[in-house]
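Let me begin by presenting the structure, written as structure tokens, before commenting on it.
The values are calculated or read from the model by the stated rules, or taken from the named source; none is laboratory data. Here the structure is a predicted model, which means the values were calculated and not measured. A quick note on method: Cβ atoms are made from the backbone with ideal geometry, for glycine too, and the neighbour counts reach across all protein chains shown.
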Amino acid sequence: MSGADQKASGKGPLLVVDGHSLAFRAYYALPVDSFTTSNGQPTNAVWGFAIMLSEVITAEQPTRMCVAFDMAGGTFRNKMMPGYKGTRQAAPEELLSQLPLIQNFLETLSVRYIEKQGYEGDDIIGTLATMGEDAGYRTLVLSGDRDAFQLADDHVTVLFPGYHFRQLKRMTPEAIQEKYHVSPEVYPDLAALRGEQSDNIPGVPGVGDTFAARWLNEYGDLEAVLDNAEKIKGKKGEALRKCIGQIRLNRKVNALVRDLDLGVTVDDLGFGRIHTDKVNALFDRLEFGSHTRNKILKGFNCVEDFEGTGLPDNSKKTDESETGLAFQTPKADPVEDVEAFEAWCREHLPSPKESSELAETMPDAEPVIQAAGDGLKAAQAQDTACPDLSKQSWYLHAEGSSKPGAAKLERLTVLAPDGHAIVLEDQQVSGDLNQALATMLAERISSCTVYGYKEHTHLLSAAGLTLPMPLFDAKLAGYLVEPDFHAVDLEKAFAHFLHVLMNDDEQPEVEQGALDFDGDEDAERDKPTDEQIALNRVEYVRLLAEHLKPLIEERRQFNLLRIIEMPTSTVLTGMEDQGAKVDLDRLKGMGDQFGAEAQEAQAIAWDRAGEEVNLQSPKQLQKVLFEDLGLKPIKRTKNGSYSTNAASLQRLYLTSVGNERANDFLGALLRHRETNKLKQIVNSLMETVNPRDGRIHTTFEQTVAATGRLSSVDPNLQNIPNKNAAGREIRSAFVPGERFESLLSCDYSQVELRIMADLSGDEALIDAFKSGADFHKYVASLVYGISMDEVTPDQRSHVKAMSYGLAYGLSTYGLAQQLNVSPAEADVLRSQYFSTFGKVHDYLESLVSDASVKGYTETIFGRRRYFPGLRSKRRTTREAAERAALNAPIQGSAADIMKIAMIKAQHSLAQAGCKSRIILQIHDELVLEVAHGEQEQVTDLVTDAMEHAVKLAVPLDVSTGIGADWQQAAH
DNA sequence: GCTATGACGTA
DNA sequence: CGTACGTCATAGCG
């Protein structure tokens, strides 16, 4: 059937929905913790079901619709197969309780739903598909159950949720053929052979889709395969013959009934009146926000009937997305030469004057940072307004690889506020237009918006262009708005924040008519050109930035963006460009040595085990340790297997002294673990050295860690060993480059504790820091009520562990474990500690309780993190969220302070004309490569920048060390 | 090729 | 039964 035929028929499709399977898929796809009402009613399945339905209705415009449900009490299938859908029967109460809500939802919208005693929803759907066909409708079956595939034909398409729940796969006969290599009629044969895990139906062991399809295509259909079972060779043939009975049963069970008497005709299934008041009453009960309501109701063409109730809704959207995103690929103007480019800029972009006027309205760093010293409220009160991006900003988007030290620009796209765009290929950017672009950037960058300032700096630098700080970075803005969402790329961020579904070409599904009914047409649609992709992307940047701007303003985070995050990007770009010089010979020597030690240990382990076990395979180790050697397991992993982690091995080692073979094996295994890990670290470092300059250019991720910290990848230079002497050696391979003299390491002492002292206002803790004495000893003397001289090393270390554990939400159980004391003793320490530092206790409690009320925590600079888990009714989930909520403002404020310190330090170095550079940041430590003769000056400048990053109630203490390599710079 | 898991390195 | 990360290797899927 062609698209033309459908239009000729003059009516929209019939949509039939498998209510149960959709609810199941929604339930398991969406985190129940984020979808629970304040009285504990889970709503994730209702939400997913409703959103899905609304999206499908919007896209497909059906004129008839019906939802089928299973009925309690089982079906003829259960009589044939006692275990049938056993896994589903055991559905959690959290899901079952939502089914009546879904039916209630349908009632309020006058959508027909049908259940029939003794039959499944599937049979109702099969029947409806047949009825639809007879009545001349094309039919869409929305179902998460693969059994529905057998219904697909020229008039019936199955919409099947894929790995990502909301991404529907259009299962036409062609699509089924392509995926399973059988036709829809034969699909149930294939399913009978393979079995269905989710329905508790066993298939032939070891046989999946591939083999089932091979057999079916060889012999024709299931009966033919079973008739020829003798001919099938190998283990799989044997397995097949063993379960012929089961397979025949499977096939009977998965056949859908298609001729039930439902007591309705297709023409009865039109859309009825929407009971607006009932819908709203239901949505109130479900605590759906205004955005969710609008989105759902939009599908039912009644968005204008609905007035928001003012419930909080974090996914609040801008106007254009609420009324439906009208996405259009911008049109590119041709620019052949420099004159045309310059003329285009003059005509379409904000002028240099307008750009610099915009720069004048930006906040100054110093007063903002000072104000934060008086508390977050004071800082937020003077948060600057963000300019109206849609009128005052232009957009720049570069394509290519932004890898530090190896960046490559491919294409540059510019979008003007008036909608005009240009696309420039690398040859132009690096060639003819280079000079004109440099001027354009210098003059107009302060009105520019990008997605990923840091990446863009690398990309443009690859084309010989410098990129000064733009007006707005949508990537950083998105990170501030929702730090727990990790955008993999621009498309994902766009789709996430604007709630847009993307198709396979990473283009948004347009609201109406975008989904052609015919699968063929989709397949034939032309792939977008590189230029179209580039134009789409710059448009995504525009829409995303305009969407995020009001959210940033509403939270008063524009200063955080402009004064901390964007300048941090500048510093990080410099660090990534500079890279860290390593001594390859030294690394090679260490690698060989670690390798040799690992091999020795392995030889001993293999000898004692009596076989060549792979010591890096927990699975194989479990067998040797707990089966062959018969050792008693210490603890289980989260999946129920026995743990072979170092702590368990250590305990096994200590308790196996009588058993020489096991003891030797464990000792060798532990040594192998340690040395082999070090070997791997050394090897991965060597692999990432850039051959052009002998330096390692890590990438600092600025939008990954939800607390506001940086992370380091490719390679991770924030986890180079430091605890054990052997591992620490690796640090000696990090050395100053040729034009430099030494490495300087500066780190904050006890920043997080100092932040706690400041934020809690606890006088005793503040005095402890002001005293300048050995902090942990001082605290111990207070906690134990003795003089400093009387504090034993044990007491000091116990108090130290307690202090550090505070910011993590450490339990007394955990403390006891760590200190190797009884829980009772740990509890005594805890009470003594908190009676000494009462305000710290109150502060930590207030963090969690405030977060429970507000739903989020804030750092001293207003960086937020949301904690939906605090409202979970599952204790473990909730307590985990409580610990994270306790930690986030402390870890996050430390991150804010370090970012400011980095910006200040780099600024001071530049002001003083120093050649020394920051090369690494390890959360509370900065490593600098120091130029000749600058040691003293740089130490002073950086120390000062760090110590005076912000003004707290306690001093910030920085300790420094300098040396010929990173290890020697330790202090 | 992909994803999940267990292990382990850092602050 | 402490937070926050990234990477390696294996193992199972295809």
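Among the residues of the stretch A:650-666, those identified as over 39 Å from the mean Cα position of the chain (by Cα) and assigned to a helix (DSSP H, G or I) are A:Leu654, A:Thr655, A:Glu660, A:Arg661, A:Ala662, A:Asn663, A:Asp664, A:Phe665. Considering only the stretch A:839-875, state which residues are of a type in the set (Phe, Trp, Tyr), without any contact (Cβ under 8 Å) to a residue 40 or more places away in the chain and surrounded by 21 or more Cβ atoms within 10 Å (Cβ to Cβ). Answer for the stretch A:839-875, where residues must be of a type in the set (Phe, Trp, Tyr), without any contact (Cβ under 8 Å) to a residue 40 or more places away in the chain and surrounded by 21 or more Cβ atoms within 10 Å (Cβ to Cβ): just A:Phe867. For the residues A:Leu666, A:Leu652, A:Leu629, A:Leu615, the requirement of being farther than 22 Å from A:Gln818 by Cα, within 13 Å of DNA strand B (Cβ to nearest atom) and without any contact (Cβ under 8 Å) to a residue 60 or more places away in the chain singles out A:Leu666.
Considering every residue within the stretch A:419-433, establish whether at least one is of a type in the set (Ser, Thr, Tyr), over 25 Å from A:Leu551 (Cα atoms) and over 32 Å from the mean Cα position of the chain (by Cα). Scanning the stretch A:419-433 turns up at least one residue that is of a type in the set (Ser, Thr, Tyr), over 25 Å from A:Leu551 (Cα atoms) and over 32 Å from the mean Cα position of the chain (by Cα).
Can you tell me which residue in the stretch A:607-621 is farthest from A:Lys677 (Cα to Cα), limited to those that are within 15 Å of DNA strand C (Cβ to nearest atom) and crowded, with 17+ Cβ neighbours inside 10 Å? Across the stretch A:607-621, the extreme among qualifying residues is A:Ala609.
Scanning the stretch A:866-909 for residues that are away from DNA strand B (no atom under 15 Å from the Cβ), basic (Lys, Arg) and at pLDDT below 95 gives A:Arg871, A:Lys873, A:Arg874, A:Arg875, A:Arg878.
The single condition among (1) more than 12 Å from DNA strand B (Cβ to nearest atom); (2) among the acidic types (Asp, Glu); (3) touching a residue at least 12 places away in the same chain (Cβ under 8 Å) that A:Glu660 does not meet is (3).
Among the residues of the stretch A:635-652, the ones that are within 12 Å of DNA strand C (Cβ to nearest atom), among the charged types (D, E, K, R) and closer than 22 Å to A:Ala668 by Cβ come to 1 in all. If the condition is being more than 6 Å from DNA strand C (Cβ to nearest atom) and surrounded by 15 or more Cβ atoms within 10 Å (Cβ to Cβ), then the stretch A:713-726 contributes A:Leu717, A:Gln718, A:Ile720, A:Pro721, A:Ala726. Comparison of A:Ala931, A:Ala905, A:Ala910, A:Ala881 shows that the only residue that is in the same structural domain as A:Met802 (by TED's automatic domain parsing) and either of a type in the set (A, V, I, L, M, F, W, C) or free of Cβ contacts under 8 Å to residues at least 60 places away in the same chain (or both) is A:Ala881. Within 30 Å of A:Gly272 (Cβ to Cβ) and at pLDDT 80 or above: is that true of A:Leu286 in this structure? Taking the combined requirement at face value, the residue satisfies it. Considered as a group, the residues in the stretch A:631-647 that are modelled with pLDDT under 90 and small (Gly, Ala, Ser) include one that is nearest to A:Thr675 (Cα to Cα), and that residue is A:Ala647. Looking across A:Ala239, A:Ala213, A:Ala191, one residue alone is under 25 Å from A:Glu120 (Cβ atoms), part of a helix (DSSP H, G or I) and within 16 Å of DNA strand C (Cβ to nearest atom). It is A:Ala191. Say we look at the stretch A:662-684 and pick out the residues that are among the basic types (Lys, Arg) and closer than 11 Å to A:Glu597 by Cβ; which of these is farthest from DNA strand C (Cβ to nearest atom)? That would be A:Arg671. Summed over the stretch A:688-713, residues that are away from DNA strand B (no atom under 16 Å from the Cβ) and without any contact (Cβ under 8 Å) to a residue 24 or more places away in the chain total 1.
Within the stretch A:774-782, one or more residues are without any contact (Cβ under 8 Å) to a residue 60 or more places away in the chain, of a type in the set (Phe, Trp, Tyr) and more than 16 Å from DNA strand B (Cβ to nearest atom). Of all residues in the stretch A:188-230, which are in contact (Cβ under 8 Å) with a residue 40 or more places away in the chain, crowded, with 20+ Cβ neighbours inside 10 Å and farther than 19 Å from A:Lys242 by Cβ? Across the stretch A:188-230, the qualifying residues are A:Pro188, A:Asp199.
Within the stretch A:33-48, the only residue that satisfies the criterion of being at pLDDT below 75 and of a type in the set (Val, Ile, Thr) is A:Thr37.
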